[in-house]
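Input: a single structure, listed below in structure tokens.
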Amino acid sequence: MYNSQEQMILGGLVIVYFLFLFGVSLYINQRSIKTYDDYNVAGRSVSIFPLILTFVGTAVGGSTLLGFMENGYRFGMGQHWLNFGTLFAGIILMFFFVKKIRQYGEKYDMVTIADFTTLRFGEGARFPTVISILIAYSAITGMQFVAIATILNLTIGMSITTGIIISWVMLTLKTYFGGMKSVIWQDAFHGTIQTIGIFTLFVVVIIASGGWGNITENALAMNEGANLSIFSISSTQVFVYLLTIGAYQFVRQDLWQRFWAAKDIKTASRGYWISIILAFLTGFFVITIGVAGKYGLQMGEINPTLSYYEIIGNVFNFPMVVVMIIALLATVISTADSFFMAGASSIVNDIIKPRLKSQDDKKLLFYSRVSVMLVSIFSILLALYIPQLVNLWVTGTAMLVSSLLAPVIFGLFWKGTTKAGGTWAMWIGLIIAVVWQMAGHPFGIHPVFIGLPISTVLVIVISLLTRSNGMNVHHEEEAI
């Protein structure tokens, strides 16, 4: 794709970029990270500008830029349902969940979702929550390793396996030293680059395609005009997207942690609301670029997985290609370290911390960094096992949704939910989803269509049957 001189330039750029980010992490580690809260929730003092961009930077990752564009190129405008699922969930979350989540976090100094499920359902709920979070976030972190490996493969010719290992080492070191404070401030930088880069690419591709009218004419000439409709997708696939990528927004630990990291509820609400709009527009631009690349630029027979690289190479000269590679790196890295921290905080906060006799900040900081290493190992194993971007994302979110969605929602809004109802729903939903995934989707049914309904029924039925044993709502919760 690139000649040897261009590969050398791009390879050097990647190295310099990572060294710069690593240096920033070390600087923040020395200057700002003094406590456990500093490392895991950025000291609960983040202002609105970095909060908006860290929301966007986390939401728009490698799967969005590379996976969404590939899907748009392959299947057309119907892939916007990937994006609609996130938008619908974000709006509901904004109006009905954010305030409640923030209030719980403030009152009980929460760091993870397991802090909430344990408060609501007792210590028995902590372990299934942690397992669900780790499976999902390790899968999504591994997805970013794959995305970076793909960049290295296409720019400097490195093998995918070697690229995964290299990206694993670099991202692990950066996150190990920087913690959440470094993640959020680097996301502000990355979010700015990726937003400007994607918008610029969208405008240039539409102009180079001759406008939407020309794109439509070309699609019709290829007898693929149906691909320009948002309904060019099966209803089953729509529901898979809504119940995985969409529904998991409600139990995204990285989102909850950012609601708690904001300096106040007003900042959390405004920051999230603006980020919902920016993330939706970004997703819209990316999918449409894929569609326009196929029917507008008419690049001939290309590998759809390379659509991003082929499109930027078609409309830009090499110096601008370099800029777009930076935008791609910014997009991937901003998601990877966020999910790293979400998974790692579950290990230290929910497995290690409850078992420590002495919980001083120095010891907790040490174990927080150990947790980053543990998540990184699990993530690289998943990346090597499922090296397809969107599949890895959907698989991870299906596990999380099947286990946590119903218990968390009922726990937030129905005081009649009991410890037994919440805990059993988590365990059974998770086990069924994992078994169904490992069995290869028997009868062609996605795991989320089995795990989520069963979890929902269980949390209701078991709660009704066990209410006579006493409501498990703490007196302290009545004010929330």
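The values are calculated or read from the model by the stated rules, or taken from the named source; none is laboratory data. Treat the numbers as computed from the prediction; the structure is a model and nothing was measured. FYI the Cβ positions are ideal-geometry reconstructions off the backbone, even for glycines, and counts take in every protein chain you see.
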In the stretch 1-57, what count of residues is obtained for those that are farther than 24 Å from D360 by Cβ, surrounded by 15 or more Cβ atoms within 10 Å (Cβ to Cβ) and not aliphatic (A, V, I, L, M)? 11
Can you tell me which residues in the stretch 1-30 are more than 18 Å from M320 (Cα to Cα), within 24 Å of the chain's Cα centre (by Cα) and of a type in the set (S, T, Y)? S25
Which fully enclosed helices (runs of 4 or more DSSP H) of the stretch 189-302 have 1 or more residues being closer than 29 Å to A139 by Cβ and free of Cβ contacts under 8 Å to residues at least 12 places away in the same chain? 235-241, 265-295
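Here is a yes/no grid of residues against (1) modelled with pLDDT under 80; (2) out of contact with any strand residue (DSSP E or B) (no Cβ under 9 Å at 6 or more places or on another chain); (3) of a type outside the set (A, V, I, L, M, F, W, C):
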| position | (1), (2), (3) |
| --- | --- |
| I48 | no, no, no |
| G57 | yes, yes, yes |
| F68 | no, yes, no |
| G78 | no, yes, yes |
| Q103 | no, yes, yes |
| T117 | no, yes, yes |
| F121 | no, yes, no |
Tabulated pairs, the stretch 458-472, first surrounded by 13 or more Cβ atoms within 10 Å (Cβ to Cβ) and polar (S, T, N, Q), second outside any helix (DSSP H, G or I) and modelled with pLDDT of 80 or more, C-beta under 9 angstrom, 6+ apart or interchain: S463/W414; S463/G416; S463/T417; S463/T418; T466/T418; N472/G122; N472/T417; N472/T418
Give the number of residues within the stretch 71-81 that are surrounded by fewer than 24 Cβ atoms within 10 Å (Cβ to Cβ) and within 24 Å of A149 (Cα to Cα). 1
Listed residues I113, I131; which is under 15 Å from R258 (Cβ atoms), in contact with a Leu (Cβ under 8 Å, 6 or more places away or on another chain) and touching a residue at least 12 places away in the same chain (Cβ under 8 Å)? I113
Looking across the stretch 315-335 at residues that are surrounded by fewer than 23 Cβ atoms within 10 Å (Cβ to Cβ) and not aliphatic (A, V, I, L, M), the single one that is nearest to G179 (Cα to Cα) is P319
Wholly within the stretch 21-80, which helices (runs of 4 or more DSSP H) include no fewer than the required count, namely at least 2 residues that are among the acidic types (D, E) and within 19 Å of S371 (Cβ to Cβ)? 36-41
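For every residue, the table says whether it meets (1) surrounded by fewer than 24 Cβ atoms within 10 Å (Cβ to Cβ); (2) at pLDDT 85 or above.
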{"position": "F239", "(1), (2)": "yes, no"}
{"position": "T244", "(1), (2)": "no, no"}
{"position": "R252", "(1), (2)": "no, yes"}
{"position": "W256", "(1), (2)": "no, yes"}
{"position": "F259", "(1), (2)": "no, yes"}
{"position": "T267", "(1), (2)": "yes, yes"}
{"position": "I274", "(1), (2)": "yes, yes"}
{"position": "T288", "(1), (2)": "yes, yes"}
{"position": "V291", "(1), (2)": "no, yes"}
Quick check on the stretch 128-182: of everything there that is polar (S, T, N, Q) and more than 18 Å from I380 (Cβ to Cβ), which residue is surrounded by the fewest Cβ atoms within 10 Å (Cβ to Cβ)? T155
Across the stretch 405-429, what is the number of residues that are more than 22 Å from L93 (Cα to Cα) and among the aromatic types (F, W, Y)? 2
